[in-house]
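Below is one structure, written out as structure tokens; comments come after it.
No value in this document is a laboratory result; all are computed from the given coordinates. Please read all numbers here as calculations on a predicted model, not as lab measurements. Quick reminder, even Gly has a Cβ in these numbers, built from the backbone with ideal geometry, and neighbours come from all protein chains shown.
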Amino acid sequence: MVFASAVFLYLFLPLFLTAYYLTPKGGRAFTLALASYVFYGWWRPDFVLLMLVSTVVDYACGRSIARERSARKEGDDTRPGKRWVVLSLVCNLGLLGYFKYANFGIETLNAVLGQSAGTLSWTEVVLPVGISFYTFQTISYTVDVYRGAAEPVKRFRDFMCYVAMFPQLVAGPIVRYNTIADQLSSRTHTLDKFYRGVIAFQIGLAKKVLVADLLGQVADRAFAAPALDTGDAWLGSLAYTFQIYFDFSGYSDMAIGLGLMMGFRFPINFDRPYVSASITEFWRRWHISLSRFLRDYLYIPLGGNRHGEFRTYVHLGVTMLLGGLWHGAAWTFVAWGAYQGFFLIMERLAGKRSLYASFPRAVRILLTFVLVVFGWVLFRAPDLGSALDMASAMIGIVQRPTLVTPLDVRTIHLVAFAVAALLVWTQPTTQTIVARLKAHRAWIVQPLFLLAIVHLHFTDHVPFLYFQF
């Protein structure tokens, strides 16, 4: 089930909110957990069992870590619970590794072996939607309990609610346990929160349907074309650059809005990333919950910047390579991670400043944006060869001129481009808009929301991009 669908908007959400608010406060976490299982299992009910396994394992590990800590004798310098956090990591990363990377591993091995050595037969594994997000959330729980940064959850139903919570279950933001622990047991429900949640959800839906989906049509045609001239290559790349931002930030807005309707406050996930003046700044603004997770649970544990400059660059490069691989099981994602890591290392070598730091900020923003666009070519292309062809066309080198065909870009797509640029470079975040919006001005959002609803009924369903990651 997805937010931008009739079954969610007209059936699931109204029934859920009715049941949620009719449930006594003490049982609302359980109601939310059960509804989340229905939401998640709508496509594949059997995958609910997989999520339950992860939930039970990490709940038990957290409780075991707490018991060992309380039983530790005075003067004992050993850190209690290490074996349990290892068990949690092995189970979660094992599940993620199998379901997300088994196909990729077999394909790569067969390519290396070649025809002469024979190939391994393999039944392709189906990737459970959202596994990349909920495994990271459960990992953050056990690691934070082990570190003493969070107390173990007392009630299993609260932990079920945390892991399965449908607003951010399948595409984030990655909500770390220690940022939401108090809200799981006690949170306020007010009309003001609910109203602001509705507005955030409406804005997010409009961003996804009216901007991302329209520009996605241009991007799909461009990346499927056998060859493009320079102008169309830029149009296709820019279309995807805007599509992925409005698609993912739109989903995050909807998730944050749904959370507010239930009294939760989720962290912001995007802070106007395309106004960044360096790649380092970009990663402080783009997919913030993932950036912080990679920093706190990978970069710092690897050693961070504590072991000299060379090791710092190695840790940074490894973090970005694995961050790229987290997005998808393909060499294009690895290359994208390496590309991002290269510029982060270069900027760190320059004192955490961009290589063009002496230019005016407007020029720095433009240059950073161009670098990001080239990075998204790697991210979107079906393979490295296609990415090279697209990037070559963008700099004026057309690989197969005889196959060049013009893109079908219509007036509505040009309008979407203009709206996207206007919103990206002149407007504040949705969270800022919602916080400042007065009740009597809520009507401003309603025409856009209604237009998005109408558009949904007359177009094919377009899933959120991050569902596949």
Taking only the alpha-carbon atoms of region 6-187, the convex hull volume per residue, in cubic angstrom, is 142 Å³
If N is the residue count of the chain, its Cα Rg over 2.2 N^0.38 Å rounds to 1.02
Check: in the chain the Lys pairs 8 or more apart or on separate chains whose Cα atoms fall under 24 Å apart number 10
Measuring from its Cα centre, region 102-201 shows a charge dipole (+1 at each Lys and Arg Cβ, -1 at each Asp and Glu Cβ) which, in debye to the nearest 20, is 400 debye
Expected unfolding gain across E124-L52 under the 0.36 nm per residue rule, minus the alpha-carbon gap, is 23.6 nm
Two pseudo-spin positions, 7 Å from Cα along C-beta at L34 and at D220, lie apart in nanometres by 3.8 nm
The size of the Cβ-based charge dipole (Lys, Arg +1; Asp, Glu -1) of region 6-187 about the Cα centre, to the nearest 20 debye, is 560 debye
Answer in debye to the nearest 20: the dipole magnitude of region 179-250 about its Cα centre, from +1 Lys/Arg and -1 Asp/Glu charges placed on Cβ, is 360 debye
Log10 I(q)/I(0) at q = 0.10, 0.24 Å⁻¹ for region 356-469, from Debye over equal alpha-carbon scatterers, is -0.53, -1.40
Filtering chymotrypsin sites (Phe, Trp or Tyr not before Pro) in region 122-180 by DSSP loop and by at most 15 other Cβ atoms within 10 Å leaves W122
Among F333, T142, Y101, the residue whose Cα sits farthest towards the positive end of the charge dipole of the chain, when +1 is placed on the Cβ of each Lys and Arg and -1 on the Cβ of each Asp and Glu, is T142
With 0.36 nm assigned to each residue of separation and the Cα-Cα distance removed, V454 to A149 gains 105.1 nm
Label model pair V318, A338: point-to-point distance (7 angstrom along the Cα→beta-carbon line) in nm is 1.8 nm
Rounded to whole Å, √(5λ) for the Cα gyration tensor eigenvalues of region 31-115, largest first, gives 34, 24, 6
Nearest-0.05 FRET efficiency for R79 and A418 at R0 = 45 Å, using Cβ-Cβ distance, is 0.20
Under the 7 Å Cα-to-Cβ spin-label approximation, Y101 and R265 lie apart by a distance in nanometres of 3.7 nm
Once the dipole of the chain is set up from charges on Cβ (+1 Lys and Arg, -1 Asp and Glu), the residue from the list V2, V415, S186 lying farthest towards its positive end is S186
To the nearest 0.05, the calculated FRET efficiency linking S392 and R67 through their beta-carbon distance, R0 being 35 Å, is 0.05
The relative contact order of the chain, taking Cα pairs under 8 Å that sit 6 or more residues apart, comes to a percentage of 18 percent
To the nearest 0.05, the calculated FRET efficiency linking Y195 and T18 through their beta-carbon distance, R0 being 25 Å, is 0.90
